[in-house]
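Asks: Could you have a look at this structure, given as structure tokens, before my questions?
The values are calculated or read from the model by the stated rules, or taken from the named source; none is laboratory data. Keep in mind that this is a model prediction, so the values were computed, not measured. Virtual Cβ from ideal backbone geometry, glycine too; neighbours counted across all protein chains shown.
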Amino acid sequence: MTKFTISRRGLLKTSAVAGAGIAAPMVWSRPAYAYTNEPTGGTVTLGFNVPQTGAYAEEGADELRAYELAVEHLNGGGDGGMLATFSSKALSGSGINGKKVEFVTGDTQTKSDAARASAKRMIERDGAIMITGGSSSGVAIAVQGLCQEMGVIFMAGLTHSNDTTGKDKKANGFRHFFNAYMSGAALAPVLKAQYGADRKAYHLTADYTWGWTQEESIAAATEGLGWETVNKVRTPLGAGDFSQYITPVLNSGADVLILNHYGRDMVNSLTQAVQFGLKDKQVNGKQFEIVVPLYSRLMAQGAGEAVKGIFGSTNWHWSLQDAGSQAFVRSFGQKYGFPPSQAAHTTYCQTLLYADAAQRAGSFNPCAIAEALEDYQFDGLGNGPTLYRAGDHQCFKDVLVVKGKDNPTSQFDLLEVVDVTPAEQVTYPVDHPMFAGGELGKCNPGA
Amino acid sequence: MDAILLQILNGLDKGSAYAMIALGLTLIFGTLGVVNFAHGALFMLGAFCAVTINKLLTLQKIVLSDTEKTAWGTPLELRTPYAEAWFGDAGTWLIDWSVPVSIALALPFMFLVGLVMERGLIRHFYKRPHADQILVTFGLAIVLQEIIKAFFGANPIPQPAPDTLSGMADFGAAFGMEAGVIVYPLWRLVYFLFAAAVLGAVFCFLRFTTFGMVVRAGMADRETVGLLGINIDKRFTLMFGLAAVVAGLAGVMYTPILSPDYHLGMDFLVLSFVVVVVGGMGSLPGAVAAGFLLGILQSFASMNEVKQILPGIDQIIIYLVAVVILLTRPRGLLGRKGVMEA
């Protein structure tokens, strides 16, 4: 008969190994969630990823203000803003799906790698269920790709490149903002009416994805009018002094300068083009003209006097008189003391649209939300009737053509809306050559 | 030909800024042996002297309207600049000439900033390796730009040139060529002349004054000058202040050319270092010559005819020149023997 004996040391070792074995599944595995960051408590966390430093910091600050206002309205605070004018009545100011909305913020620094790192941090560490933000197409495309991989929804902020919902589109990504193609389609008829069909255009273009697609879109639209493209010159992002690129324009034979620049680059290139007398110049028997296809009020403020009489396009402007725009301007103006920018408007709308989709779906599952947003038609958010197209997750709505005001009445009253181009005129097929090359793919719920 | 002349003019005004920043940078290195990465921030501080003066001169009396309201429902603010209300036409003139007027603030302010920077921080790093000096001055530059951002925001703030100097100059007609072909912004020509005057004044100061002679002697042999009983450290501190003033003045007058923002200094910092390296570390004429040379080369590299042959050359030309110079003349164009050499 074998006598079973165990020493004290042996007992301790065996207990430790057994204990570790039992505890391991609890330590190393998570509860089985249906999708990434499924909220289990009384709150839901949104991640606002905006440039808080770098070239687009001013736009990022305005985006953040709008996000905070949207969260306040979703939780029942303030005057409710555009919740009252939004065509969907699913949201009631009691959070989303009965959960109070909280948020975390990240700084994209207008750099793709920094933006991906901050979005990843918000998803992994802070449990963000949705990421939103932008102000640079390069950044938006990078973060959209990350959100697709990690299984969260990405509601793009200010991103205007065709590629965001073109070759780089993703099933988890949605864009409310308009794009470069739409700018071209909206601007072309106005440019023809103002400057005629016999013009020679010279492009100065920011050398990255947004600049390239805008140059392609505007050149195609103006060549369609009969304009000749004299030259397309790429300029480094953040060049500062553009004078060495402007001097060749003087004797190039061109009579229109198209500045495919945004933010600080646009402020500098436009100011310097005006300094070089281009606005007062006569070429080919015509008055020389400058066009800035993508405008923003914040940029107009930076460029000062130089914006007077310059045409461009914009996603939204605070002077619009529809009920949605007025409600948003009132809420934003009373909270911050100045009107919102187009960047603020699009980010506010995106937050509301996400919340509304989650509420209608009755879930935070990214695939349920994507389904709720696809081919969704809505109104009351300042842009008239709008469609979130299922084929590429791009919003289709009216586009504003604006002009720098000759006699501004205040520091914010810098642009005037000269034309509202109907949505049908800026709509294109999903497989349009300028947007071809990528697949939307399938929604990824993560987990 | 017209295009070449225009690019030469462009290179000269661009080179003026490079030369003024690089002169201060190399002056500090030549006297104190410090690699000052905060020098771009001094250029930016100078630019914000102009912004500050403009903001002070355009301070507005705000009256809330009883009848009109803003789009968000608050009473409309009716604004009138105090300067115009108090001084009439003189106030309007002051606002119009705010950029040149800012020089009056920039001179003492930048000199003080230079002295405080040198006495308060940089002197503690004289005997430390260059890597430590770079780290501390780079850190200081970041702190300064974040302070400016906190006060003035991130957006560029436009500073118009005086009306009479903001038009175009018909450069070609002035030299007997066809009128209207070579026209150039008047303020950029003013900037070039201003830079030439400042650079000339600094060279004259160092060349023809006893103070300058002692400084030059100190740059050549600090120890021997010290042994003669001259307090060379005090003079070198003043030279740091002078370098800060030159960078600041360059910044003030540059504001109508490039709307200043908090990042302005960093935009010029790397380029200015390349200018100093190409000109020769510690060489004052080298810095000025290299500033204008690189400015002109950068302008020519941006010509379409050049870019068609060498695409992208405009973005690398300055660094390409630096590599070639360092390979063929490691001390730079006019560098002294023994500087930055172990």
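Asks: Checking the condition more than 19 Å from residue A:354 (Cα to Cα), assigned by TED's automatic domain parsing to the domain that holds residue A:351 and over 16 Å from the mean Cα position of the chain (by Cα), which residue from A:111, A:120, A:99 passes?
Replies: Answer to the selection: A:120.
Here is a yes/no grid of residues against (1) in contact with a helix residue (DSSP H, G or I) (Cβ under 6 Å, 6 or more places away or on another chain); (2) in contact (Cβ under 8 Å) with a residue 12 or more places away in the chain; (3) among the aromatic types (Phe, Trp, Tyr):
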| residue | (1), (2), (3) |
| --- | --- |
| A:313 | yes, yes, no |
| A:382 | yes, yes, no |
| A:385 | no, yes, no |
| A:410 | no, no, no |
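Asks: Could you say which residue among A:263, A:277, A:304 is in contact with a Phe, Trp or Tyr (Cβ under 6 Å, 6 or more places away or on another chain), within 13 Å of chain B (Cβ to nearest Cβ) and either among the acidic types (Asp, Glu) or at positive phi (or both)?
Replies: After ruling out the rest, the residue left standing is A:263.
Asks: Take region A:207-224 and flag every residue that is at pLDDT 90 or above and either within 11 Å of residue A:184 (Cα to Cα) or of a type in the set (S, T, N, Q) (or both).
Replies: A:214, A:215, A:216, A:217, A:218, A:219, A:220, A:221, A:222, A:223, A:224
Asks: A further question on this structure: Pick from B:290, B:250, B:244: which is under 29 Å from residue B:215 (Cβ atoms), within 14 Å of another protein chain (Cβ to nearest Cβ) and at pLDDT 90 or above?
Replies: On the way: B:290 fails: within 14 Å of another protein chain (Cβ to nearest Cβ); B:244 fails: within 14 Å of another protein chain (Cβ to nearest Cβ).
That would be B:250, the only listed residue that is under 29 Å from residue B:215 (Cβ atoms), within 14 Å of another protein chain (Cβ to nearest Cβ) and at pLDDT 90 or above.
Asks: Filter region A:227-280 down to residues that are among the acidic types (Asp, Glu) and modelled with pLDDT under 90 and give me whichever is farthest from residue B:165 (Cα to Cα). Lay out the reasoning, then the answer.
Replies: Narrowing region A:227-280 to residues among the acidic types (Asp, Glu): A:228, A:241, A:255, A:265, A:280.
When the remaining residues are screened for being modelled with pLDDT under 90, the result is A:241, A:265, A:280.
Numbers: A:241: 19, A:265: 24, A:280: 16 Å.
Here the answer is A:265.
Asks: Which ones in region A:236-260 are within 7 Å of another protein chain (Cβ to nearest Cβ), on the phi < 0 side of the Ramachandran plot and of a type in the set (Gly, Ala, Ser)?
Replies: A:243
Asks: Additional query: Take the conditions surrounded by fewer than 24 Cβ atoms within 10 Å (Cβ to Cβ) and small (Gly, Ala, Ser) and apply them to residue A:362. Does it pass?
Replies: yes
Asks: Any idea how many residues of region A:275-327 are assigned to a helix (DSSP H, G or I) and either charged (D, E, K, R) or not assigned by TED's automatic domain parsing to the domain that holds residue A:61 (or both)? Can you show your working first?
Replies: Residues of region A:275-327 assigned to a helix (DSSP H, G or I): A:275, A:278-280, A:297-307, A:323-327.
Pick out the ones that are also either charged (D, E, K, R) or not assigned by TED's automatic domain parsing to the domain that holds residue A:61 (or both) and you get A:275, A:278-280, A:297-307.
Total meeting the criteria: 15.
Table: residues versus (1) among the hydroxyl-bearing types (Ser, Thr, Tyr); (2) surrounded by fewer than 24 Cβ atoms within 10 Å (Cβ to Cβ); (3) outside any helix (DSSP H, G or I).
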residue	(1), (2), (3)
B:207	no, yes, no
B:216	no, yes, no
B:266	no, yes, no
B:270	no, yes, no
B:276	no, no, no
B:281	no, yes, yes
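Asks: Inside region B:142-166, can you point out the residues that are assigned to a helix (DSSP H, G or I), in contact (Cβ under 8 Å) with a residue 24 or more places away in the chain and not aromatic (Phe, Trp, Tyr)? First the steps, then the outcome.
Replies: Just the residues of region B:142-166 that are assigned to a helix (DSSP H, G or I), to begin with: B:142-152, B:163-165.
Those still in the list that are in contact (Cβ under 8 Å) with a residue 24 or more places away in the chain too: B:144-146, B:148-149, B:152, B:163, B:165.
The answer is B:144, B:145, B:146, B:148, B:149, B:163, B:165.
Asks: Would you pick out the residues in region A:328-344 that are at the interface with another protein chain (Cβ under 10 Å from one of its Cβ atoms), crowded, with 22+ Cβ neighbours inside 10 Å and either in a helix (DSSP H, G or I) or β-branched (Val, Ile, Thr) (or both)?
Replies: Matches in region A:328-344: A:328, A:329, A:331, A:332.
Asks: Now, a different point. Hey, does region B:58-65 have a residue that's at pLDDT below 95, part of a helix (DSSP H, G or I) and touching a strand residue (DSSP E or B) at 6+ places or on another chain (Cβ under 8 Å)?
Replies: Among the residues of region B:58-65, not one is at pLDDT below 95, part of a helix (DSSP H, G or I) and touching a strand residue (DSSP E or B) at 6+ places or on another chain (Cβ under 8 Å), which makes the answer no.
Asks: Sticking with this one: For the structure I just gave you, tell me whether residue B:288 is assigned to a helix (DSSP H, G or I) and either over 25 Å from residue B:3 (Cα atoms) or of a type in the set (Phe, Trp, Tyr) (or both).
Replies: Here the answer is no, as residue B:288 does not meet what is asked.
Asks: If I filter region A:314-324 down to residues being among the polar types (S, T, N, Q) and within 19 Å of residue A:408 (Cβ to Cβ), which single residue comes out as farthest from the other protein chains (Cβ to nearest Cβ)?
Replies: A:314
Asks: Restricting to region B:28-51, count the residues that are aliphatic (A, V, I, L, M) and over 14 Å from the mean Cα position of the chain (by Cα).
Replies: 5
Asks: Can you name the condition, by its number, that residue A:383 falls short on among (1) farther than 22 Å from residue A:185 by Cβ; (2) buried (at least 18 other Cβ atoms within 10 Å of the Cβ); (3) not aliphatic (A, V, I, L, M)?
Replies: (1)
Asks: Out of B:248, B:241, which single residue is in contact (Cβ under 8 Å) with a residue 24 or more places away in the chain, surrounded by 24 or more Cβ atoms within 10 Å (Cβ to Cβ) and not β-branched (Val, Ile, Thr)?
Replies: Working: B:241 fails: surrounded by 24 or more Cβ atoms within 10 Å (Cβ to Cβ).
Testing whether each residue is in contact (Cβ under 8 Å) with a residue 24 or more places away in the chain, surrounded by 24 or more Cβ atoms within 10 Å (Cβ to Cβ) and not β-branched (Val, Ile, Thr) leaves just B:248.
Asks: Just wondering, is there one or more residues in region B:303-314 that are within 22 Å of the chain's Cα centre (by Cα) and part of a helix (DSSP H, G or I)?
Replies: So far as region B:303-314 goes, yes, one or more of its residues are within 22 Å of the chain's Cα centre (by Cα) and part of a helix (DSSP H, G or I).
Asks: Can you go through A:197, A:201 and tell me which one is surrounded by fewer than 23 Cβ atoms within 10 Å (Cβ to Cβ) and under 22 Å from residue A:231 (Cβ atoms)?
Replies: A:197
Asks: Name the pairs: first residue in region B:291-318 and surrounded by fewer than 19 Cβ atoms within 10 Å (Cβ to Cβ), second residue modelled with pLDDT under 90 and not in a helix (DSSP H, G or I), Cβ to Cβ under 6 Å, at least 6 apart or on different chains?
Replies: Final answer for the pair search is B:315/A:236.
Asks: Here is a follow-up. Identify all residues within region A:286-297 that are surrounded by fewer than 23 Cβ atoms within 10 Å (Cβ to Cβ) and within 14 Å of chain B (Cβ to nearest Cβ); write none if there are none.
Replies: A:288
Asks: Considering only residues that are surrounded by fewer than 17 Cβ atoms within 10 Å (Cβ to Cβ) and aliphatic (A, V, I, L, M), which ones fall in region B:81-104?
Replies: Of everything in region B:81-104, those that are surrounded by fewer than 17 Cβ atoms within 10 Å (Cβ to Cβ) and aliphatic (A, V, I, L, M) turn out to be B:85, B:90, B:104.
Asks: OK, next. Tell me the residue from A:368, A:436 that is farther than 30 Å from residue A:298 by Cα, surrounded by fewer than 21 Cβ atoms within 10 Å (Cβ to Cβ), at pLDDT below 95 and of a type outside the set (S, T, N, Q), please.
Replies: On the way: A:368 fails: at pLDDT below 95.
Criteria check complete, one pass: A:436.
Asks: Continuing with this model, one more query. Output the residues belonging to region A:204-221 that are in a helix (DSSP H, G or I) and crowded, with 19+ Cβ neighbours inside 10 Å.
Replies: A:209, A:210, A:211, A:212, A:213, A:214, A:215, A:216, A:217, A:218, A:219, A:221
Asks: Tell me which residues, restricted to region B:66-105, are touching a Gly at 6+ places or on another chain (Cβ under 6 Å) and within 14 Å of chain A (Cβ to nearest Cβ).
Replies: Result: B:72, single match.
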